[in-house]
Amino acid sequence: MTTTTIPITRLVSVELRKMFSTRSGFWLLVSIAVLTLVAAASVVVLAPDSDVTYESFTRASGFPMSLILPIIAILAVTSEWSQRSGLTTFTLVPSRGRVIGAKAIATLLVGVGSVALAFLVGAFGNVIGSALAGVDTVWNISVTMALQLVLFNLIGMLIGFTIGVVLRSSAAAIVGYFVASFVLPGVLLLLAQVRPWFEELQPWVDWNETQVALLEGAMDSAQEWAMLGSTTMIWIVVPLAVGLLTLRRSEVT
C-alpha cells in the first residue's frame, strides 16, 4: 500500500480558511472592511479638492489593512500553540516545515489580495469622490509606486508572521508587533538624535523608516534598496530562521 503526500496547494487552502474561520479572524476581517470604507469616505469629507486623487483614496483604504493584517498573520501561526490546534495539525501533517511554509504562502496571498482590494476601493472612491467634489478624476499612481505599495504590505505581514513564529504566543506576539511598529522606531530615532555615531546607522537597522519610504513610493536609489535589504535581513530573515529552528523542536502541549 502506497501513501501520497498532501499537496501544498491543499495545505495553503486549509490555512487560508483557518485564517478567517475563527471568531477573531472573522471580526478582524469585518473591522478591515468597515475601517477601509470609513477611511475612503473620510477623504471625500475631510480632504481638500486638490487631494481628491487615486493615490489619496488608495492610501486611505490601505491604511487599516496595514495595521490589522499583520495581526491575522500572527494568529495564523500562534493559534497552533495558543489554541492547541497544533496537536491536530502536526498529527495530520508531521512535517512542521510544510505547515509553516503553507502558512507563509497563505500570508503572502492575503497580503496581495488586500492590496488589490485597496486599489479597487481606491478606484471606486476616486470616481465617486471626484464626482461629488466636482473636480477632474486624477489617476496618479504609477506602476513603480503600485509595486512598492504591494511590497510595503507584504513586508508588514511578514513582520507579523516572523514575530508569530519566534514567540508562538498570540498575546505576546501581538504586543511584540505593536512595540516593534510604534515604540521601537521612536527609540531608534531618539538614539540617533543623542548619539551622532548612530545617526548614519539608523536607516540601515530601522525597518519602519524603510517601510515609510516604500509607502511614499520614494525608493529610487540603490542605497535605499540596500537599506531595505538590510532591515529585512535584520527583522525578518534572521529572526525567522532562528524561530523556525526552535519551532521544529518545540513541544505542542
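The values are calculated or read from the model by the stated rules, or taken from the named source; none is laboratory data. Here the structure is a predicted model, which means the values were calculated and not measured. Cβ: placed from backbone, ideal geometry, glycine included. Neighbour counts: every protein chain shown. All accessible areas refer to the heavy atoms of the entire protein, side chains included, with ligands and DNA or RNA removed. Shrake-Rupley method; radii C 1.70, N 1.55, O 1.52, S 1.80 Å.
If you average over every viewing direction, what projected area does the convex hull of the Cα atoms of the stretch 39-91 give, in nm²?
Answer in nm², one decimal: 4.8.
Taking 51 Å as R0, compute the FRET efficiency from the Cβ-Cβ separation of Ile128 and Thr5 and round it to 0.05.
Calculated value: 0.55.
Among rounded, prolate and oblate, which fits the chain when a ≥ b ≥ c are the square roots of the eigenvalues of its C-alpha gyration tensor, a/c under 1.5 means rounded, and a/b larger than b/c means prolate?
Oblate, because a/c is 1.5 or more while a/b does not exceed b/c.
Heads up, I need the accessible area for Ser50: 1.4 angstrom probe, whole protein in place, Å², nearest 10.
90 Å²
Along each of the three principal axes of the Cα atoms of the stretch 1-62, give the extent in whole Å, ordering the values from largest to smallest.
70, 24, 8
For the chain, find the longest principal axis of its Cα atoms and tell me its angle to the long axis of helix 23-46, 0 to 90°, nearest 10.
10 degrees
If ligands, DNA and RNA are left out, what is the accessible area of Glu224 with a 1.4 Å probe, given in Å² to the nearest 10?
Surface open to solvent at Glu224 totals about 50 Å².
Whole-Hz Karplus ³J(HN,Hα) for the stretch 205-220, in order, using 6.51 cos²θ - 1.76 cosθ + 1.60 and θ = phi - 60°, x for Gly and Pro?
Listing the rounded values in order: 10, 8, 5, 5, 5, 6, 5, 4, 4, 5, 4, 7, x, 9, 7, 10 Hz.
Given only helices, namely DSSP H runs of n ≥ 4 each adding -39500 (n - 2.57), what is the per-residue ellipticity at 222 nm of the chain, to the nearest 500 deg cm²/dmol?
After summing the helix terms and dividing by residue count, I get -25500 deg cm²/dmol.
Given that compact globular proteins tend to follow 2.2 N^0.38 Å, what is the ratio of the alpha-carbon Rg of the stretch 72-167 to that value?
Working it through for the stretch 72-167, the quotient is 1.50.
Starting from the residue with the highest accessible area, list Glu80, Glu200 in decreasing order, probe 1.4 Å.
So the residues, ranked largest to smallest area, are Glu200, Glu80.
Taking the Cβ-Cβ separation of Val194 and Val112 as r and a Förster radius of 41 Å, what is the calculated FRET efficiency to the nearest 0.05?
0.55
Quickly work out the Ser31-to-Val187 label distance, labels modelled 7 Å from Cα along the C-beta direction, and quote it in nm with one decimal.
Result: 2.4 nm between the two label points.
Label-point separation (nm) for Leu245 and Ser221, each offset 7 Å from Cα along Cα-to-Cβ?
Using points 7 Å along Cα→Cβ, the separation is 3.6 nm.
Quote the accessible area belonging to Asp49 in square angstrom, nearest 10, computed with a 1.4 Å probe and with ligands, DNA and RNA left uncounted.
90 Å²
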